[in-house]
Amino acid sequence: MDEIKFFEYDREALSDPEQRVLDILIEIGILVHSIWLKQLNPKTGKAQFYPEGTTRTDIINAAKSNPDLLSPYTKVVLEEGKYKAIPYSELYKPEIDKIIGLLEDASKQSAEQELNAYLGAIASALRNGEFDELEYIFVQNQDTKLEIMIGPIETYEDKLLSKKKAFQYNLRILRENKTHEAEEMISVMKEIQILRPEKSLSKDLLSDKINIRVDHVVMLAGRQSRILLSSSNHPNNPIALREYGSKIVVFTTSMAEKFDDRLMPLLSKLKSGDSDQRIDSLRDATFRLVALHEITEGIVKYEDMQDRLGRHQDYIRELNADILGVHSAKYHVLNGAITNEQYKDLLTMFIVFAVDTCNRYEQGGSIEEYSKGFAIAFNFFEKTGAVTFKSRKIDIDYTKLSRDIEVLANIVLQIMEEGSEEDAEELLEDYGDFSIFSKLPKN
Ligand SMILES: [Zn+2]
């Protein structure tokens, strides 16, 4: 069963009131985690939002007379042969009530006005069962030194309909430095059009509506304990982007851990490896890679995307963020923001990161929607010889890879822009064969 993930942090760097608040916020994370455990099927360890054996059609048909069945914030059960939706606010009331009490407690301990207001706003949204608000309150929060993200937020775990949201939690401390690279990327991005396609919502998004913070993670709980999250962007909802802007968080602690434990060992599987001397540059490239993913995913959105792409929206959006994000770096080279060598390192880390994600998926530790995109990418690259996997080694042809990324970026962007669920299905059928994972080098 999932366990909460804790990271070391510099407690001495926090004031006494900050330490007290942090301790309460840890307690809240433990409660969120207990809700998440209740969302899991004890036998399979997977999130269960519907009765066993239920099909998509069952729910869609039943929802015609009972739309609550499709709410992101209900669990569906069978009662006397009929589907019934139980609201999260009812189902997890004891935990939620305790969380509200602790939030109020924390906001009394804190000396930081903004943080008090933030925690208070979360408490009142929870009290009113306004779960949608949690993400928007988070996006609007200023750079408070301590920050949490709480709520049923993402739909990845709902394999049936991509509707139901799982409880997640993270607790972080703001790092004052290390943000300048990210700020630099945003400033370059403002000048180039690549991330502002014609019909996208980012077209008219003001640059000051894109905020990025770089944090030290203290705790990952709930759904986020399962994946070693290294970054995030919100809001998910395209319409909300226009209203609230985009907020990107890079999690340096979990990213450093991921680089050392998982990515660095994979670098030795590169065929043309002078990677030993380049570790620091490759570490920076990883930071750049995740920031580009989040910036792209955060702003390249289309108003009707969710309806058009249906259950494939998550995989298409993630793939677009990976591919278009990396592709956009080419313009950073032209702009002088990064060197050719740094671009090459970015391509290297993109491949290594993708290999790691697919490996972890096979071990049950990563999201299927991410792996779908990487399966498509790997099959695509293998076809042209941009990337080849032989005897568990990775051979990269950087010129071909750079070109392939551009071609694939255009295909995926087209689907994002005007494609249907069927178009996304077709791309998956053509290139999404997971059997390529068996050729990937393992740690
Ligand atoms: Zn993403």
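The values are calculated or read from the model by the stated rules, or taken from the named source; none is laboratory data. Note that the coordinates shown come from a computational prediction; the quantities given were computed from them, not determined experimentally. FYI the Cβ positions are ideal-geometry reconstructions off the backbone, even for glycines, and counts take in every protein chain you see. All accessible areas refer to the heavy atoms of the entire protein, side chains included, with ligands and DNA or RNA removed. Shrake-Rupley method; radii C 1.70, N 1.55, O 1.52, S 1.80 Å.
Quick notes on this one:
- Over the chain: helical MRE at 222 nm, DSSP H runs n ≥ 4 each giving -39500 (n - 2.57), nearest 500: -16500 deg cm²/dmol
- Taking 269, 43, 64 as the candidate residues, the one with maximal mean-square fluctuation in a Gaussian network model of the chain, Cα springs under 10 Å, is 43.
- The distance between label points at residue 208 and residue 6 comes to 4.2 nm (points 7 Å beyond Cα on the Cα→Cβ vector).
- Within the range 72-219, the proportion of Cα pairs with more than 23 Å between them is 52 percent.
- Local electrostatic count, residue 265, Cβ distance below 11 Å [Lys/Arg +1, Asp/Glu -1]: 0
- Note on the range 288-372: with neighbouring protein chains present and a 1.4 Å probe, carbon and sulfur make up 43 percent of its accessible heavy-atom surface.
- For the range 187-239, the share of accessible area belonging to carbon and sulfur comes to 50 percent (1.4 Å probe, ligands and nucleic acids excluded).
- For the range 323-443, Kirkwood radius (reciprocal of mean inverse C-alpha pair distance, Å): 15.0 Å
- Residue 97/residue 133 FRET efficiency (R0 22 Å; Cβ-Cβ; nearest 0.05): 0.80
- Taking 10 °C and 1.306 mPa s as conditions, the range 66-150 diffuses translationally at an estimated 111 µm²/s according to Stokes-Einstein applied to its Kirkwood radius (Cα pairs).
- Rounded Å value of the spacing that divides the Cα centres of the range 233-304 and the range 51-88: 36 Å
- The per residue volume of the convex hull around the alpha-carbon atoms of the range 1-106 is 123 Å³.
- Listed residue pairs exceeding 20 Å between alpha carbons, taken from 64/164; 383/439; 165/199; 145/301: 165/199; 145/301
- The value obtained for the range 202-325, namely the Cα convex hull volume divided by the number of residues, is 141 Å³ per residue.
- Counting only aspartates and glutamates at least 8 places from residue 108 when in the same chain, those with an alpha carbon closer than 14 Å to its own are 16, 18, 23.
- Structural size metrics of the range 386-443, computed from C-alpha coordinates, are Rg and Dmax of 14.0, 40 Å.
- Mean projected area (nm²) of the alpha-carbon convex hull when the chain is viewed from all directions: 20.8 nm²
- Carbon plus sulfur fraction of accessible area for the range 43-160, probe 1.4 Å, in percent: 49 percent
- Accessible surface, per residue, of the chain when the full set of protein chains is kept, probe 1.4 Å, Å²: 42 Å²
- Nearest-20 debye value, the range 113-158 charge dipole, Cβ charges on Lys, Arg, Asp, Glu: 300 debye
- Peptide ranges 401-408, 382-389 listed from the most packed, as the mean C-beta count within 10 angstrom indicates: 401-408, 382-389
- Along principal axes, Cα extents of the range 300-381, largest first, whole Å: 39, 35, 20
- Estimated D of the range 7-50 in µm² per second, where Rh is the Kirkwood radius over Cα pairs and Stokes-Einstein applies at 4 °C, 1.567 mPa s: 102 µm²/s
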